[in-house]
1. In region 37-111, with Lys and Arg counted as +1 and Asp and Glu as -1 at Cβ, which of these residues, 79, 90, 101, has the Cα nearest the positive end of the dipole, that is, farthest along it?
2. Measure off, as a whole percent, the carbon and sulfur share of the 1.4 Å-probe accessible area of the chain, all protein chains present.
3. Kindly report the accessible area of region 1-106 per residue (heavy atoms of protein chains, probe 1.4 Å, no ligands, DNA or RNA), in Å².
4. Apply the Karplus curve 6.51 cos²θ - 1.76 cosθ + 1.60, θ = phi - 60°, to the phi angles in region 28-34 and return the couplings in whole Hz, x for Gly and Pro.
5. I'd like the orientation of helix 7-21 relative to the chain: the angle between its Cα long axis and the longest Cα principal axis, in ° from 0 to 90, rounded to 10.
6. Under the definition of Cα pairs under 8 Å and six or more residues apart, what whole-number percent is the relative contact order of the chain?
7. Based on Cα coordinates alone, diagonalise the gyration tensor for region 1-60, multiply each eigenvalue by 5, take square roots, and list the semi-axes in whole Å, largest first.
8. Taking every alpha carbon pair in the chain, what does the distance histogram look like in 5 angstrom bins from 0, in percent?
Amino acid sequence: MSEPKTEQEIKEIKDRILMALETVIDPELGIDIVNLGLIYDLEFDSETGDTVIKMTLTTMGCPLADILTDNIHDALQEVPEVKNIEVKLVWYPAWSTDKMSRYARIALGIR
């Protein structure tokens, strides 16, 4: 059993999780899921390594849910503290272009 992590260590792990998620690209838009604003919440249990990603999709009928989930699992293999990954799709609040980062808006030509 590992020693309990400090708040700062947990924050650093969560930052690395987000950095790993930035490598997951939405195939339709060509932008990562973090900058698209699809990641709504990230929970990390420092004792067990359990990680829950709450995310949405750009549309409810989006056929990419399985692909994105698989890519998230692959990306998080790069974070050694992450042991178990659960991706939860949520639909509220509904996604809109307002959730996108400035970078994503510029890349897609949205004002």
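1. Final value for the positive-end residue is 101.
2. On the way: 3430 of 6860 Å².
Whole-percent figure for carbon plus sulfur exposure: 50.
3. Numbers: 6370 Å² over 106 residues.
Here the per-residue accessible area is 60 Å².
4. Each residue of region 28-34 in turn: 6, 9, x, 10, 6, 5, 6 Hz.
5. So the helix axis and the longest Cα principal axis differ by about 40 degrees.
6. Working: 141 pairs, mean separation 33.1, N = 111.
That works out to 30 percent.
7. Numbers: eigenvalues 142, 26, 14 Å².
In descending order, the three semi-axes are 27, 11, 8 Å.
8. Pair shares across the bins are 2, 12, 22, 23, 18, 12, 6, 3, 1, 0.
The values are calculated or read from the model by the stated rules, or taken from the named source; none is laboratory data. No experiment lies behind these values; they were computed from the predicted model shown. Cβ atoms come from the backbone with ideal geometry, glycine included; neighbour counts cover every protein chain shown. Heavy atoms of the whole protein, side chains included, go into the accessibility calculation; ligands, DNA and RNA do not. Shrake-Rupley method; radii C 1.70, N 1.55, O 1.52, S 1.80 Å.
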